[in-house]
1. Scan Lys150, Lys155 and give me the residue that is modelled with pLDDT of 95 or more, part of a helix (DSSP H, G or I) and under 15 Å from Tyr31 (Cβ atoms).
2. Within the stretch 75-107, how many residues turn out to be part of a helix (DSSP H, G or I), crowded, with 16+ Cβ neighbours inside 10 Å and more than 15 Å from the chain's Cα centre (by Cα)?
3. Among the residues of the stretch 139-191, count how many are within 19 Å of Glu54 (Cα to Cα), in contact with a strand residue (DSSP E or B) (Cβ under 6 Å, 6 or more places away or on another chain) and of a type in the set (Val, Ile, Thr).
4. Just name the residue that is modelled with the lowest pLDDT out of those in the stretch 1-30 that are assigned to a loop (DSSP other than H, G, I, E, B) and over 26 Å from Asp112 (Cβ atoms).
5. If you check Glu116, Glu54, which single one turns out to be surrounded by fewer than 17 Cβ atoms within 10 Å (Cβ to Cβ), within 12 Å of the chain's Cα centre (by Cα) and either part of a strand (DSSP E or B) or not small (Gly, Ala, Ser) (or both)?
6. What are the pairs, 6+ residues apart or on separate chains, where a residue within the stretch 1-27 that is aromatic (Phe, Trp, Tyr) has its Cβ under 8 Å from a residue that is surrounded by 11 or more Cβ atoms within 10 Å (Cβ to Cβ) and part of a helix (DSSP H, G or I)?
7. Surrounded by fewer than 22 Cβ atoms within 10 Å (Cβ to Cβ) and among the β-branched types (Val, Ile, Thr): does that describe Ile37?
8. Taking only pairs six or more apart or across chains, which ones have beta-carbon atoms under 8 Å, a first residue in the stretch 116-141 that is of a type in the set (Lys, Arg), and a second residue that is assigned to a helix (DSSP H, G or I)?
Amino acid sequence: MRRWLLIAGKFILVWMLCHVVYQCIDGLRDYKGGADIAVVLGNRVEPDTTLSPELKGRVDKALELYREGRVPRIMVSGGNGNTKQPGRVPEGLAMKKYLVAHGVAADRIIEDNHGENTYLTARDFLPVADSLHIHSTIAVSSFYHLTRTKYILRKLGAPDVHGVASDRHFLSDIPGMFRDCVAFYKYVLVY
């Protein structure tokens with residue numbers, strides 16, 4: 001019995017490593033074309049309402065896509081965070097304020113403050129895609145998060161989904177890669 005557990009453990013470890021390598025390759029291979037919209041997935045907003053470095057990297061990448069004319073609209077999606085504390089704002093609102101301050105017209109930004117996780121962001125995106133007649137999408141997130149993001153958007157019915165990763169990288173990306181590997185299979189089984 002112990003031998004079988006050891007074999008199973010090694011198999012799972014090798015499988016995870018293969019998946020992490022795949023998600024790195026997939027996430028670091030940016031889509032070069034355009035789309036109808038960029039969907040930016042949220043991350044932490046600082047207590048002073050500024051974007052965390054991780055989130056700023058994602059939003060800056062969407063801003064770059066917009067300025068290059070590769071997307072005419074941006075959907076910013078994140079959770080409410082700890083908005084019960086005075087001065088705190090939801091992730092979507094913080095991202096929208098940042099984009100407006102950097103020259104994006106407010107009517108080009110769709111704000112979603114109910115995207116507490118990747119699945120909820122994808123679910124919230126579908127009515128937006130339907131109402132705006134969206135035919136193509138660029139998901140914008142950290143490189144290790146794009147495989148799961150594209151998977152759930154496609155599974156829920158989003159059209160022609162591509163990915164572009166933030167240019168910023170952090171030490172927290174290392175545990176994030178393994179966490180996202182496990183989360184990917186959770187999404188496969190649960191959603």
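1. Numbers: Lys155 fails: under 15 Å from Tyr31 (Cβ atoms).
Criteria check complete, one pass: Lys150.
2. Qualifying residue count for the region: 6.
3. Of the residues in the stretch 139-191, 3 are within 19 Å of Glu54 (Cα to Cα), in contact with a strand residue (DSSP E or B) (Cβ under 6 Å, 6 or more places away or on another chain) and of a type in the set (Val, Ile, Thr).
4. Of the residues in the stretch 1-30, the ones assigned to a loop (DSSP other than H, G, I, E, B) are 1, 29-30.
From what's left, over 26 Å from Asp112 (Cβ atoms): 1, 29.
Details: Met1: 81, Arg29: 95.
Filtering the stretch 1-30 for residues that are assigned to a loop (DSSP other than H, G, I, E, B) and over 26 Å from Asp112 (Cβ atoms), the one modelled with the lowest pLDDT comes out as Met1.
5. Working: Glu54 fails: surrounded by fewer than 17 Cβ atoms within 10 Å (Cβ to Cβ).
Only one candidate qualifies: Glu116.
6. Tyr22/Thr147
7. On the way: surrounded by fewer than 22 Cβ atoms within 10 Å (Cβ to Cβ): no; among the β-branched types (Val, Ile, Thr): yes.
Answer is no for this residue.
8. Matching pairs, first to second residue: Arg123/Leu156.
The values are calculated or read from the model by the stated rules, or taken from the named source; none is laboratory data. Model, not experiment: these values are computed from the prediction. Ideal geometry is used to build each Cβ from the backbone, glycine not excepted, and the neighbour counts take in all protein chains shown.
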